[in-house]
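What follows draws every value from the coordinates through simple rules; no lab data is involved. What you see is a predicted model, and the numbers here were worked out from it, not measured in a lab. Glycine also receives a Cβ, built like all others from the backbone with ideal geometry; neighbour counts cover every protein chain displayed.
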Amino acid sequence: MFSRSLTEATPKEIVYMIAKIAGLTLAFAFAIETAGAQTYSLQRSVIGGGGTVASGSYAVFGSVNQPGASLDIHAGNFLLVGGFWGVRIGNTSGDFDAASDFSSTANSDATTWSYRYKNSLARDGNYPLLPGFGATPAETAWTPGNPDPGAWTLNGDVPMVGVNRTGADRTYAANPPFPWPSDAMLLHPGNGKLVVVSWLCQTTALANISFRFSDLDPNGGNGIAWFVERNDFNHTLAAGSFTNGGASASLIVSNIAMFAGDRINFIADPNGDYSFDSSRLNAVISTKSVENLDLRILALARTGNDLLLSYNSFAGRNFALQSRGDLKAGTWTSLPGKTNTGDGGMVQVVLSNALVLPQQFYRVQMLP
């Protein structure tokens, strides 16, 4: 019977129970035993209507002889298509808008949006909070009249992040002027310092990220470099730059697998010269909660002595194919050259000469 075990399971790692088709043994990804016999048969099955196998909030409906458990099984060339579970979509979703959700009073590690900086250009994921909200560095220069829109600043200076909630466009009246549109988010990096707008994921979810960076002050300077990352530079989702007066395209990054505590960071880099770097950020994150982000074997086929393994992936995540000689003991070892970056589609991996090797168990692990 094809079923699933939560043994050794974490939110990022699931291991399947064993099912055998003669010499073929399936574990999370699968395990292979070489055998001399050339005919293959199903050694275990459930007769009739099958039933439900459940553990906690997880359940398998049906049995190996039902289409619900596996869409196709062939003996001759070891082909398994479909089966097991995919992503289970929850009932909750949300839209998070960086400008609309902006807070002038709350900025902490626990708030959904936070306003941060880096005292260097290193995108290492360690971004301190901007310490206070108050007058912008150009407080006396905004027209017409007061009030100053205000911003989160580094001790009254850039880097800074703010949203113009005065109810009207404001204009920086120094020579030359530039406008700060009503309800727009303005961010400005510092001299050799990053400015960061960070979104905190509260639950397991798939996220779609829509964003655009644009220059608000086209009167000089050399533009900015910009980045969108999950947690740090190792998981950069998008990056670019534009010159003075320019802008990025309106971009969308889709189906990013997120766990509670993950962050999406929107970053402006001064690109060398930080003068005239007032920039606008439009950013909306739409999420769909999922009960689990579940890796799934999509296909397994034999080609000579090689095996072709296909599994689903999640955009923005890295996956490693690992093996060990015993399912219950030993160290899982990542196979050289078998770490892949997911794009939300199917990943195919060729295991060369897998059928002439000693018994091995394999799994696919989603990396942190």
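This ranking places Trp199, Trp152 by how few other beta-carbon atoms lie within 10 Å of each, fewest first, which gives Trp199, Trp152.
List Tyr311, Tyr115 from most exposed to least, where exposure is judged by having the fewest other Cβ atoms within 10 Å.
Values: Tyr311 21, Tyr115 29.
Least crowded to most crowded, the residues run Tyr311, Tyr115.
Between beta-carbons, use under 12 Å as the cut-off and find the net charge around Thr166, counting Lys and Arg +1, Asp and Glu -1. Write out the running numbers ahead of the final one.
Working: positive: Arg165, Arg170; negative: Asp148, Asp169, Asp183.
Local net charge: -1.
At an R0 of 35 angstrom, the distance between the Cβ atoms of Asp101 and Phe233 translates into a FRET efficiency of 0.90.
Find the Cα radius of gyration of segment 93-290, compare it with 2.2 N^0.38 Å by division, and give the number to two decimals. Could you put the intermediate results ahead of the total?
Details: Rg = 15.8 Å, N = 198, 2.2 N^0.38 = 16.4 Å.
So the Cα radius of gyration is 0.96 times the expected 2.2 N^0.38 Å.
Would you mind counting up the charge near Asp277? Only other residues with Cβ under 14 Å from its Cβ, with Lys and Arg at +1 and Asp and Glu at -1. Working shown, then result.
Details: positive: Lys193, Arg280; negative: Asp157, Asp215, Asp217, Asp269, Asp273.
Around Asp277, the charge tally is -3.
Taking neighbour counts of Cβ atoms within 10 Å as a proxy for exposure, in what order, fewest first, do His188, His235 appear?
Values: His188 28, His235 21.
Lowest to highest Cβ neighbour count: His235, His188.
Looking at segment 260-342, the trypsin sites (Lys or Arg not before Pro) that sit in a DSSP loop and have at most 10 other Cβ atoms within 10 Å of their own Cβ are Lys328.
How big is the Kirkwood radius of segment 200-318, worked out from every pair of different alpha carbons and given in Å to one decimal?
Values: mean 1/r = 0.0609 Å⁻¹.
Answer for segment 200-318: a Kirkwood hydrodynamic radius of 16.4 Å.
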